[in-house]
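The values are calculated or read from the model by the stated rules, or taken from the named source; none is laboratory data. Computed from a predicted model, the values in this text were never measured in an experiment. So basically every Cβ, Gly included, is an ideal-geometry build from the backbone, and we count neighbours across all protein chains shown.
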Amino acid sequence: MTSDPQTVAPDLFTTADGTPLAGPGQVVGLFAGQCTDCSRFTFPARGRCPSCSAALTRVAFDPHGVVVLHSAVLHDAPGALVLAPYQAGFARFDQDLLVSGLIVTDEDTDEVSIGDRIRCESYALTDGRLTYAFRVVRNEQETNA
Amino acid sequence: MTDVMVAGVGIHPFGRFPDGYRELGSHAVSEALADAGIGLADIDMALVANVGAEMAKGQNLLARVGRPGVPVINVEAACASSGGALYLGAELIASGRMETVLCVGVEKQPRGFIAASGYEQWQIESGLGVNPLYFALQAQELLEHTDTTVADLALVSSKNHGHAVDNPNAMYRKPMAPEEILASRMVCPPLTLLMLCSPNEGAAAVVLMSRDAARRRAVDAVRLRSVGLVSGGPDDWFTPSPSMPIHRTELTSRAAEQAYSRAGIGPADVDVVECQDTDAASELLAYRGLGLCEPGEEAALLRSGTTTLGGDLPVNPSGGLLSKGEPLGASGMGQLHELTQQLRGRCGTRQVDNARIGVGHVMGAGLNTCVVVVSRD
């Protein structure tokens, strides 16, 4: 296990193209854990399988998913290094896993809807470290980029 | 197995107070002991539910009332802490190991968002350690998959605030129209401020006794028929889990199945319910989880008036957490206080007619969930 000092926690995500993580806005894949026995996925890849307690192996998800639930935090939350208001929710990935995360949009399209396609990106916290966020993508070409 | 009885109940009102948790808790304990007609020297054990106080909290609290010299054990299971204490107390009596167990719930919860709900540091720093966010996402899922509307969420809160008007132990006792609730400050869409409960302070205590002991003392006891208690399984989801499977089991359903099975009853037998209305949508989800309606019929049950005082199955006649506020460790014990008084017929203008079977329900972080069943006999 490696620790990247630029990220909010080690082993949450990696760049999708294998290049070094350099800053916000890079396309990233979440590191999920896949059970070595029952193949179940969980995020993040911590501990052991929630179903059968077998060991997990780390798998990088494809960056693309779909918004299944979304809301917003309108007032600053204790300990958060994200300034309110901000949007957050759950996205569904190919492995039939729903993962929570920040949701960001382009400035001119602030509305988020269930079913919106997203891609995972690195996102800068107020202290400069990186977490992940789900960026809503509006056209097919961009999704498949 | 021996029948377990609720022989006495006591409560310190829920709200904001200058006193510390020891004073709040000892007030509730003294009231419960007096209600049961016993002294502290008569208990075999005390179980004290609390989330945020100091170490040896139960021992420190009880020292305000006396030092019985019996075991005092502190129990913490987030918002279901009271359920954990009741579960253990009931098991000890049912097994014949003990005759009288004092269960106490107490809390002095700071204002604002509940911190330290089990999130990892990266979740908190990433802005994802915010309880109301997840309540809002649950609410959105309910709105998306059923005919529930935002107006229904306001109706839940309005109903419970209406119930609390006559509850001297509630923090908020002013009736609130749905329009006022909808117009209150948005916290996490679709939930407005008045659709969310306020974490606060309070205490409640319950004296559990074997049926024989209660009979000997000739107390006005109700029967604690069962306590269903679960923590997170692989397919459950609640805060603070950062991921969840698409097909999920429901914590409340799992706890309710246990409780109904052990009690030998079904949801159709229930006369009154006190459930975890942390937010307005949570109450509707509890209707489903407790088997009061089929999935998808939550809003219809609410709109029918069935769950309003005067309806066939009042839910949260105390005003619920939306009106009482939520002192985490005490909320479940407060529910049992209300249910016991309802079954005794002592609730005055908020009395549920002919209440013979009551159900309490709490759930919280750590995916801890508890359902209790009490009955008049």
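There is no residue in segment B:79-93 that is away from every other protein chain (no Cβ under 14 Å), in a loop (DSSP other than H, G, I, E, B), at pLDDT 95 or above and in contact with a Leu (Cβ under 7 Å, 6 or more places away or on another chain).
Listed residues B:Leu292, B:Leu229, B:Leu196, B:Leu208; which is more than 27 Å from B:Gly52 (Cα to Cα) and not hydroxyl-bearing (Ser, Thr, Tyr)?
On the way: B:Leu229 fails: more than 27 Å from B:Gly52 (Cα to Cα); B:Leu196 fails: more than 27 Å from B:Gly52 (Cα to Cα); B:Leu208 fails: more than 27 Å from B:Gly52 (Cα to Cα).
The unique qualifying residue is B:Leu292.
Is it the case, given these coordinates, that B:Asp147 is more than 19 Å from B:Ile11 (Cα to Cα), touching a residue at least 12 places away in the same chain (Cβ under 8 Å), away from chain A (no Cβ under 14 Å) and of a type in the set (Asp, Glu)?
Working: more than 19 Å from B:Ile11 (Cα to Cα): yes; touching a residue at least 12 places away in the same chain (Cβ under 8 Å): yes; away from chain A (no Cβ under 14 Å): yes; of a type in the set (Asp, Glu): yes.
Yes.
Selection over segment B:233-286 of residues that are among the charged types (D, E, K, R), part of a helix (DSSP H, G or I) and closer than 30 Å to B:Thr192 by Cα gives a count of 2.
Once segment A:62-121 is narrowed to residues that are facing another protein chain (nearest Cβ under 9 Å) and among the hydroxyl-bearing types (Ser, Thr, Tyr), the residue that is nearest to B:Gln123 (Cα to Cα) is A:Ser100.
Over 18 Å from A:Phe13 (Cα atoms), under 16 Å from the mean Cα position of the chain (by Cα) and either of a type in the set (S, T, N, Q) or at pLDDT below 95 (or both): does that describe A:Thr105?
Working: over 18 Å from A:Phe13 (Cα atoms): yes; under 16 Å from the mean Cα position of the chain (by Cα): yes; either of a type in the set (S, T, N, Q) or at pLDDT below 95 (or both): yes.
So A:Thr105 passes the test.
Among the candidates A:Leu21, A:Leu81, A:Leu56, A:Leu74, the residue that is in contact with an Asp or Glu (Cβ under 6 Å, 6 or more places away or on another chain) and farther than 15 Å from A:Phe134 by Cα is uniquely A:Leu81. When segment B:113-131 is filtered for residues that are closer than 15 Å to B:Trp237 by Cα and in a helix (DSSP H, G or I), only B:Asn131 remains.
Pairs meeting the criteria (first residue in segment A:41-59 and within 12 Å of B:Pro242 (Cβ to Cβ), second residue among the hydrophobic types (A, V, I, L, M, F, W, C) and part of a loop (DSSP other than H, G, I, E, B), beta carbons under 9 Å, at least 6 apart or on different chains) are A:Thr42/A:Cys49; A:Phe43/A:Leu12; A:Phe43/A:Phe61; A:Pro44/A:Ala9; A:Pro44/A:Leu12; A:Ala45/A:Leu12. Examine segment B:200-208 for a residue that is buried (at least 23 other Cβ atoms within 10 Å of the Cβ), in a strand (DSSP E or B), more than 10 Å from chain A (Cβ to nearest Cβ) and at positive phi, and state whether such a residue exists. Scanning segment B:200-208 turns up at least one residue that is buried (at least 23 other Cβ atoms within 10 Å of the Cβ), in a strand (DSSP E or B), more than 10 Å from chain A (Cβ to nearest Cβ) and at positive phi.
Listed by first and then second residue, the pairs with beta-carbon distance under 7 Å, at least 6 apart or on different chains, first residue in segment B:350-366 and of a type in the set (Asp, Glu), second surrounded by fewer than 22 Cβ atoms within 10 Å (Cβ to Cβ), form an empty list. Of the residues making up segment A:7-34, those that are in contact with a Lys or Arg (Cβ under 8 Å, 6 or more places away or on another chain), within 13 Å of chain B (Cβ to nearest Cβ) and either modelled with pLDDT under 95 or farther than 16 Å from B:Ser241 by Cα (or both) are A:Thr7, A:Val8, A:Asp11, A:Gln34.
Restricting B:Ala32, B:Ala46, B:Ala53 to residues that are small (Gly, Ala, Ser), part of a helix (DSSP H, G or I) and either surrounded by fewer than 23 Cβ atoms within 10 Å (Cβ to Cβ) or touching a strand residue (DSSP E or B) at 6+ places or on another chain (Cβ under 9 Å) (or both) narrows the list to B:Ala32.
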